[in-house]
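Please read the structure below before turning to the comments.
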């Protein structure tokens, strides 16, 4: 994680902006951050998972052998997504050009919004976009049973936080914006709520594991201390692998891969957001 941040800092120094933070070419600056996060995630994920960018397309076609659950639907697609982690070892891709793709929802394991600097207006806006993309990914399990597979892991990631520093409690304010993103949403299930929001070198907000029949999603906050820069990346990898190895998707045991400091409590109970069920 430290190496990722240093690599971005080097990019800023090599292509400096005349004024303000960041590199001179803002568009390239943002794309460089996306590429960095994709590169670092790719190092730690199973070979069958690709870390891509692009769109999710949910066509109104038959699924499984006789699945006609979309017979009253129309074709739907997402907005452009910064990072889509896709199980291309199992599922096909509609279109590919380099790392830019259009993919069906069944193989989407995670959707990540990436910001170079997280600003005040980003939190609610990006959580709403992730909710819409996750809604497209509600799919049934195998053999045309009426069971839904676990939805993709959802995250909002930034290298640095530009959230107004004058606020007395940044984490509580950010959580209020997460809550606002889901107010009034129909079919607001646990799976469609963001799982992680964080400035990788500063703080993390994490959605806790649910009970079997959740009525709310609980969130906790961590302020990264010295030597804890790994927490954000660990949360991301843990969430992605938990979806990939979930028993609704794969019949294999999840490996013991990520680990957190023993006895490290979270710094804040941020609160809960009511949900209509698990998925």
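The values are calculated or read from the model by the stated rules, or taken from the named source; none is laboratory data. Since the model is a prediction, treat every value here as computed from it, not as a measurement. Reconstructed Cβ throughout: ideal geometry from the backbone, glycine too, with neighbour counts over all protein chains shown.
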Checked segment 119-141 for anything touching a helix residue (DSSP H, G or I) at 6+ places or on another chain (Cβ under 6 Å) and not in a helix (DSSP H, G or I); matches are 137, 139
Taking into account only those residues within segment 142-173 that are part of a helix (DSSP H, G or I) and in contact with a strand residue (DSSP E or B) (Cβ under 6 Å, 6 or more places away or on another chain), which is modelled with the lowest pLDDT?
-> 144
Is there a residue being farther than 21 Å from residue 269 by Cβ, in a strand (DSSP E or B) and under 14 Å from the mean Cα position of the chain (by Cα) anywhere in segment 223-243?
-> no
Flag if residue 185 is at pLDDT 95 or above, more than 16 Å from the chain's Cα centre (by Cα) and either under 18 Å from residue 126 (Cα atoms) or in a loop (DSSP other than H, G, I, E, B) (or both) | no
Filtering segment 188-221 down to residues that are within 16 Å of the chain's Cα centre (by Cα) and not in a strand (DSSP E or B) yields 189, 190, 191, 192, 193, 194, 195, 200, 208, 209
Among 232, 277, 239, 221, which is out of contact with any strand residue (DSSP E or B) (no Cβ under 8 Å at 6 or more places or on another chain), surrounded by 14 or more Cβ atoms within 10 Å (Cβ to Cβ), touching a residue at least 40 places away in the same chain (Cβ under 8 Å) and closer than 26 Å to residue 173 by Cα?
-> 277
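Taking the condition at pLDDT below 85 and in contact with a strand residue (DSSP E or B) (Cβ under 9 Å, 6 or more places away or on another chain), does residue 69 pass?
The answer is yes for residue 69.
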